[in-house]
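The block underneath contains the structure these notes are about, expressed in C-alpha cells.
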C-alpha cells in the first residue's frame, strides 16, 4: 500500500514539474514569441520583451527542477524494492539530468554571451549586415533556441514515459 502511494506521489510530482517546464516553454515558443514580434513595431523591442519573459521563466524552471528532484528521491526509495521501477528511475533521471544541464548551459553560458554580443552590435558603427557581433549574436541565439526546443522534446518524452 505504501509502495503504491509513494509511486503515485512521485508520478504526480514529475508530471507537475514537467507541466510547469514544458508547458511554459511551449507557451513561450508557440504563442508569446510569435505574437510579440507581431505586436511590437520594432524587432528589437519584441526581442527584449521575450528576453525578459525568459529571464523570469528561469525561476519556474528552478522550481520545476526542485519538484522533480523531490519526485526522484521518492522514486529512488521506491525503486530499491522493485527492479522494473529501478530501470524506469534511471531513464527518468538521465533525461531530466540532460534537460537540467542544457538549461544551465543556456542560462549561465549562452545567454550572457548573447547579451554581450547584442551590446556590442550597437557599439560598433558599421553596416548591420557587416557587423561581426550580429553574426555572433545569431549563432548564440540559434544555440539557445535549439537547447530550448531539445528540452521541450526531452520533457515530452519524459511525460510519455511516465504513462507506463
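Relative contact order for the chain: what is it in percent, counting Cα pairs under 8 Å that are at least 6 residues apart?
Details: 119 pairs, mean separation 47.9, N = 164.
RCO, the chain: 29 percent.
As a check on your grasp of the helix formula, calculate [θ] at 222 nm for the chain: sum -39500 (n - 2.57) over DSSP H runs of n ≥ 4, divide by the residue count, round to the nearest 500.
-27000 deg cm²/dmol
Between the helical axis of 2-18 and the dominant principal axis of the chain, each derived from Cα atoms, what acute angle in degrees is found, rounded to the nearest 10?
10 degrees
Between 0 and 90 degrees, rounded to the nearest ten: what's the tilt of helix 83-105 against the longest Cα principal axis of the chain?
Helix 83-105 sits roughly 20 degrees off the main axis of the chain.
Round to the nearest 10 and give me the degree value, 0 to 90, for the angle of helix 43-79's Cα axis relative to the longest principal axis of the chain.
20 degrees
Hey, could you get me the Stokes-Einstein D for region 1-59, Kirkwood radius over alpha-carbon pairs, 20 °C and 1.002 mPa s, rounded to whole µm² s⁻¹? Could the numbers behind the result be given before it?
Numbers: Rh = 13.4 Å.
The Stokes-Einstein estimate is 159 µm²/s.
Over the chain, what per residue volume does the convex hull of the Cα atoms give, in whole Å³?
Details: hull volume 17.0 nm³, N = 164.
Here the figure is 104 Å³ per residue.
Readers should treat all values here as calculations from the given coordinates under stated rules, not as data from a laboratory. All values derive from a computational prediction rather than experimental measurement.
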